[in-house]
1. Pulled fully out, how much extra length does the chain show between Glu67 and Arg212, if you take 0.36 nm times their separation in residues and subtract their Cα-Cα distance?
2. Over region 3-173, what is the mean sequence separation of C-alpha contacts under 8 Å (at least six apart), divided by residue count, expressed as relative contact order in percent?
3. Would you pull out the residues with amide H under 5 Å of Val98's amide H, same chain only if 5 or more places away, H placed 1.01 Å from N?
4. Label Arg45 and Val154 with points 7 Å out from Cα along Cα→Cβ: what is the distance between them in nm?
5. Cα convex hull of region 179-234: mean projected area in nm², to one decimal?
6. Per the Debye formula with a single identical scatterer at each Cα and no solvent contribution, what log10 I(q)/I(0) holds for region 3-173 at q = 0.15, 0.20 Å⁻¹?
7. If I stretch the segment between Arg55 and His14 completely, what's the gain in nm (0.36 nm per residue apart, minus their alpha carbon distance), one decimal?
8. Can you compute the charge dipole magnitude of region 179-234 about its Cα centre, using +1 on each Lys and Arg Cβ and -1 on each Asp and Glu Cβ, nothing else charged? Give it in debye, rounded to the nearest 20.
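Please treat every number below as a calculation from the coordinates, not as lab data. If you're wondering where the values come from, they're calculated on a predicted model, not measured in any experiment. Here Cβ is always computed from backbone atoms with ideal geometry, including for glycine, and neighbour counts include all displayed protein chains.
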Amino acid sequence: MSTADQSDDFEQLHALITNTADIRGFLDGMTGFAAAMMTRSTGHRIECAVTLNRRKRRASIAGSSNEAVMLDEIEQHLGQGPCEDALRTGAPVLVADVATDPRWPQYRESLEAAGCRSVLGIPLTLGPDASAVLNFFAPASGLFTEDAIADAEVFAVVAGQALHLALRIAAADQLAENLRAAMESRTAIDLACGIIMAQNRCSHDQAFEILRRGSSTRNQKLHALAEEIVAGVSGAPVAAAHFED
């Protein structure tokens, strides 16, 4: 891979971060770039899929084609294959010839049925909270030469950096959304307590206890009951608290 190609990959992957709405969109774009890179490197049409694992989340799978996604999904279902081994070992895994490689017989049947004759799994470095592997699928054996594998590893370094950044941004966005929701909920509860204090001539603590008991008795979330009380008095929904991004 030339320095110019590396620079192009870097720019394209980092542009994806700002041009896609979520992690799935980023993964779709990344696998498209990866497939194009390996197609240039091998001189044959290569498809690519990615499997992303994150804590407390189901695995995310995306690909440059429906067939690539299908093959990754089958591998995940079987729990065996080059992607699984690359995830476990943190090292590239090559199936030079699907017809003669003795590993993962069930998965090899699916590969052969899909017309795939060679597979290359390349892990991405993402840190302790996530892991991912690029799976490249070739229509003929012997296409993943030492040079092609080296190109894939160089691309994986840049892709891993970009995906790591995209995941951090997504986590920050989720935290901001959670804070917004918490502040809106708190605003409704404070207003409802004020209404209860006025109606019952009681303290804030006593008003909150009345609200809590009402929530428990009605089997209704505290903030939902608070919003209902405020809307009943004002005739309008609770205005969101101001929150700076």
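1. Values: separation 145, 0.36 × 145 = 52.20 nm, distance 5.30 nm.
Net length gain for the segment: 46.9 nm.
2. Values: 296 pairs, mean separation 42.4, N = 171.
Dividing the mean separation by the residue count of region 3-173 yields 25 percent.
3. Here the answer is Ser118, since their amide H atoms fall under 5 Å of that of Val98.
4. If labels sit at Arg45 and Val154, their model points lie 2.6 nm apart.
5. Working: hull surface 14.7 nm².
Orientation-averaged projected area of the Cα hull: 3.7 nm².
6. After summing over all Cα pairs, the log10 values are -0.75, -1.36.
7. Details: separation 41, 0.36 × 41 = 14.76 nm, distance 2.38 nm.
Length gained, Arg55 through His14: 12.4 nm.
8. Values: 7 positive and 6 negative charges, 25 e Å.
The calculated dipole for region 179-234 is roughly 120 debye.
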